[in-house]
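Heads up, the thing below is written out as structure tokens.
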Amino acid sequence: MKKWNTAAIRAAKGVERLPCVTAYDYTFARLADNAGIPLVLVGDSLGMTMLGYETTLNVTLDDILRSVSAVSRGVQNACVVADMPFGTYQASPDDAVLNAVKCLQAGADAVKLEGGRNMASLVARLVSSGIPVFGHVGMTPQSVNEYGGFKMQGKSREAADAVFEDAVAIDEAGAFALTLECIPDPLAARITPAVKCPTIGIGAGPSCDGQILVMHDLLGLNTGHVPSFCRKFAKLGEVAANGFSAYADAVRDASFPPSRKVQTCKQDATK
């Protein structure tokens, strides 16, 4: 199975499409890796999928580092990317470098941060420090309070031009890949051939070089709202709920555990 690193991800542009997913623990990371997924993102979406927050803003660096450590142990071939949580890279470039280094030391191959032209100099600083960066423009969830909700970006001509310029700036700063989230399909189709790095879409249509989905959404594990652009490729939530119910029924009707003859252990037999 192919070993994926940031250089291989960048080199895939125009050669093959890249299916990417989030994962937050050893078990699901191993399953994704065994399926041949090229890139596994330890997303700050774990705040909503794993910790029960309404947004990603409550996620801490320690939350991400713990998950990165687990995911990296479950992965042999995929490129592991750590989301940098809100507040870990906005204060100063020095703080950003130190926090990004912690992510790599925990097992990540790269870090991901949100922002366009306003973050281009930071991306360049990280890359020059030997830290690969996965960019993210369009709808950036860490700016949810500014948007007033999770809303599509780039709908007007002026807004579309701004997102386009953000994407070009992050690409020129040295990002090895770029997430385009929740933007109109024609805008993604305009950006993708204009940048050197692969574009990874989420709610941005089929013209991107790859796609990424939150694990819980694609596997049918999400008990809350599922974005309209997501397809459920499995119904694991339903399977799990049925399993829990069957277990509860078996305990209540005493069909589990079954009766068995008590075995005398060898230690007791020697007494």
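The values are calculated or read from the model by the stated rules, or taken from the named source; none is laboratory data. What you are looking at is a predicted structure, and each value in this text was computed from that prediction instead of being measured. Because the Cβ atoms are built from the backbone with ideal geometry, glycine has one as well, and the counts that use them run over all protein chains shown.
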Residues that are within 18 Å of the chain's Cα centre (by Cα) and among the charged types (D, E, K, R): does the range 226-233 have at least one?
yes
All strands (runs of 3 or more DSSP E) inside the range 37-135 with 3 or more residues being of a type in the set (A, V, I, L, M, F, W, C):
39-42, 79-83
Can you work out which of the residues in the range 160-199 that are in contact with a Ser or Thr (Cβ under 8 Å, 6 or more places away or on another chain) and among the charged types (D, E, K, R) is farthest from Pro141 (Cα to Cα)?
Asp185
If Tyr24 meets every condition in (1) in a loop (DSSP other than H, G, I, E, B); (2) surrounded by fewer than 19 Cβ atoms within 10 Å (Cβ to Cβ) apart from one, which number is that one?
(2)
So in the range 27-41, with the set limited to residues that are in contact with a Lys or Arg (Cβ under 9 Å, 6 or more places away or on another chain) and closer than 20 Å to Val133 by Cα, which one is surrounded by the fewest Cβ atoms within 10 Å (Cβ to Cβ)?
Pro38
Could you identify the single residue in Ala11, Ala35, Ala70, Ala23 that is in contact with an Asp or Glu (Cβ under 6 Å, 6 or more places away or on another chain) and at pLDDT 95 or above?
Ala70
Restricting attention to the range 44-57, and to residues there that are out of contact with any Asp or Glu (no Cβ under 9 Å at 6 or more places or on another chain), on the phi < 0 side of the Ramachandran plot and not aromatic (Phe, Trp, Tyr), which single residue is surrounded by the fewest Cβ atoms within 10 Å (Cβ to Cβ)?
Glu54
Could you go through the range 164-174 and let me know if any residue there is over 19 Å from Leu41 (Cα atoms) and without any contact (Cβ under 8 Å) to a residue 24 or more places away in the chain.
no
Residue by residue through the range 117-166, note down the ones that are within 27 Å of Val80 (Cα to Cα), among the hydroxyl-bearing types (Ser, Thr, Tyr) and more than 21 Å from the chain's Cα centre (by Cα).
Ser121, Ser128, Ser129
Test Val21 against the criterion of being within 21 Å of Thr179 (Cβ to Cβ), under 14 Å from the mean Cα position of the chain (by Cα) and aliphatic (A, V, I, L, M), and give yes or no.
yes
From (1) assigned to a helix (DSSP H, G or I); (2) surrounded by fewer than 20 Cβ atoms within 10 Å (Cβ to Cβ), pick out the condition that doesn't hold for Lys151.
(1)
Wholly within the range 157-271, helices (runs of 4 or more DSSP H) carrying at least 2 residues that are within 19 Å of Leu113 (Cβ to Cβ) and in contact with a strand residue (DSSP E or B) (Cβ under 8 Å, 6 or more places away or on another chain):
157-172
If you scan the range 76-105, which residues turn out to be under 16 Å from Pro132 (Cβ atoms), without any contact (Cβ under 8 Å) to a residue 60 or more places away in the chain and either buried (at least 20 other Cβ atoms within 10 Å of the Cβ) or among the acidic types (Asp, Glu) (or both)?
Val80, Val81, Ala82, Asp83, Met84, Tyr89, Ala96, Asn99, Ala100, Cys103
For the range 17-59, name all the residues that are in contact with a Gly (Cβ under 9 Å, 6 or more places away or on another chain) and among the charged types (D, E, K, R).
Arg17, Asp25, Arg30, Asp33, Glu54
